[in-house]
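Following: one structure in structure tokens, then a few remarks.
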Amino acid sequence: LARAATGDLAGAAQDFDRYLYAGGTVPDVTRQRRQAWVNALRAGYNPVLAHIQVYNGDLEPALVAYEAMRAAELSFPADEWNHLCWLGARDGGAAQVLFACDLAVEIAPNVANYHDSRGLARALAGNFQGAVEDYRLTVAQADPRFTSSSYLARRQAIIWALEFLSSLQRRIGAVPGA
């Protein structure tokens, strides 16, 4: 990470290559993300810095970098797009990161977490009906072995609140404060 953060793209690509192929167990999600990073680093882009910027709430330069990488047709796993979606929405850039939310869901439509993130972004961007659809899918796709009943109850409460806001939006054309 240090080399990528300081702009040494070739060195960062080497480090990530060593990490990926040194042996040992690397989770698939991590392996996919790191391989996408290596490909982008070799193409002259710095997804690692963009990832760190998103994590730190510095959304604007990260969005510029992600848009450039998309324009260069570099691909990233759904988890990378979800990272941008969730943190960007949480940090006030919901409308700006909806493309990332859509990409995460497009790549992995059966992952409840990605619908949850897009539901947050849609709600914060004022698309209450779209958020309801995503949260319903979140609840439907949640694996009961790994999902607490309180999590599902909170999501159901969010759905009810968003349905109310969606109803208001249809009736008056806008929702105050949205």
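The values are calculated or read from the model by the stated rules, or taken from the named source; none is laboratory data. It should be emphasised that the depicted structure is a prediction, and the values quoted were computed from it without experimental measurement. Note that we place each Cβ from the backbone using ideal geometry, even for glycine, and neighbour counts take in every protein chain shown. Only protein heavy atoms, including side chains, enter the accessible area calculation; ligands, DNA and RNA are left aside. Shrake-Rupley method; radii C 1.70, N 1.55, O 1.52, S 1.80 Å.
Could you check how much of the accessible area of the range 19-133 is carbon and sulfur, as a whole percent, using a 1.4 Å probe?
Result for the range 19-133: 51 percent of the exposed heavy-atom area is carbon or sulfur.
Between the range 1-27 and the range 117-160, what is the separation of their alpha carbon centroids in Å?
35
Note down the relative contact order for the chain as a percent, whole number, built from C-alpha pairs under 8 angstrom at least six residues apart.
13
Relative contact order of the range 78-178: what whole-number percent is it, with Cα pairs under 8 angstrom and at least 6 residues apart?
Normalised by residue count, the contact order of the range 78-178 is 22 percent.
Once label points are set 7 Å from the Cα along Cα→Cβ at both Val26 and Ala5, what is their separation, rounded to one decimal in nm?
Reported label-point gap for Val26 and Ala5 is 2.0 nm.
If I model a spin label at Glu163 and Asp91 as a point 7 Å from the Cα along the Cα→Cβ vector, what separation in nanometres do I get?
3.5
Rank Arg154, Arg31, Arg42 by mean-square fluctuation in a GNM of the chain with C-alpha springs under 10 angstrom and give only the top-ranked residue.
Arg154
At 10 °C and a viscosity of 1.306 mPa s, what translational diffusion coefficient does Stokes-Einstein give for the chain, taking Rh as the Kirkwood radius over Cα pairs? Give it in µm²/s as a whole number.
Calculated translational D: 91 µm²/s.
Averaged per residue, what accessible area in Å² does the range 85-124 show with a 1.4 Å probe, protein chains only?
40
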